[in-house]
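K.L.:
Have a look at the structure that comes next, please.
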């Protein structure tokens, strides 16, 4: 999961807010029950800001070794991410505020519920 700057100038990312079940979190590991050592994540705080050049992306969440993970592990990662809502707040170089919000429900687009979650085959 990443945030990409599709603008023509730099974006200063000042804050990431994750929402889950009506609660807000500034760190993704606080709203997931996954082992934080099993994924990469970057905290953004008032003292730690990121500058994204045009066309650049900030990895908010990523995992390694998807081929080694079982279908059940991948389904659990997708299930947990799908319950999140992300708000990105920042500024441009002229100090204009910017924000964007996205639901992460699309993470379960390959899953269905039939008593338990199962992966659906990808359609080409």
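Readers should treat all values here as calculations from the given coordinates under stated rules, not as data from a laboratory. What you are looking at is a predicted structure, and each value in this text was computed from that prediction instead of being measured. All Cβ positions, even for glycine, are placed from backbone atoms using ideal geometry, and neighbour counts span all protein chains on display.
K.L.:
Most mobile of 94, 19, 39 per a Gaussian network model of the chain (Cα springs, under 10 Å)?
P.N.:
Maximum fluctuation in the GNM of the chain, among the listed residues, is at 94.
K.L.:
Helix 71-82 sits at what angle to the longest principal axis of the chain, using alpha carbons and giving 0 to 90 degrees rounded to 10?
P.N.:
Helix 71-82 sits roughly 40 degrees off the main axis of the chain.
K.L.:
Where in region 37-58 does the label zone of residue 4 land, with the point 7 angstrom along Cα→C-beta and an amide N cut-off under 17 Å?
P.N.:
Answer for region 37-58: 52-58.
K.L.:
Next up: What nm distance separates the two modelled labels at residue 21 and residue 105, each placed 7 Å from Cα along Cα→Cβ?
P.N.:
1.9 nm
K.L.:
Return the calculated 222 nm mean residue ellipticity for the chain, to the nearest 500 deg cm²/dmol, obtained by summing -39500 (n - 2.57) across DSSP H runs with n ≥ 4 and dividing by the residue count.
P.N.:
-3000 deg cm²/dmol
K.L.:
At what distance in angstrom do the alpha carbon centres of region 4-25 and region 45-108 lie from each other?
P.N.:
8 Å
K.L.:
Here is a follow-up. Which distance in nm do the two modelled labels at residue 71 and residue 50 give, with both placed 7 Å along the Cα-to-Cβ direction?
P.N.:
Inter-label distance under the simple model: 3.3 nm.
K.L.:
Let me ask you something else. Using only the Cα atoms of region 2-119, build the gyration tensor, take square roots of its eigenvalues as a ≥ b ≥ c, and label the shape rounded, prolate or oblate: rounded if a/c is under 1.5, else prolate if a/b is larger than b/c, else oblate.
P.N.:
prolate
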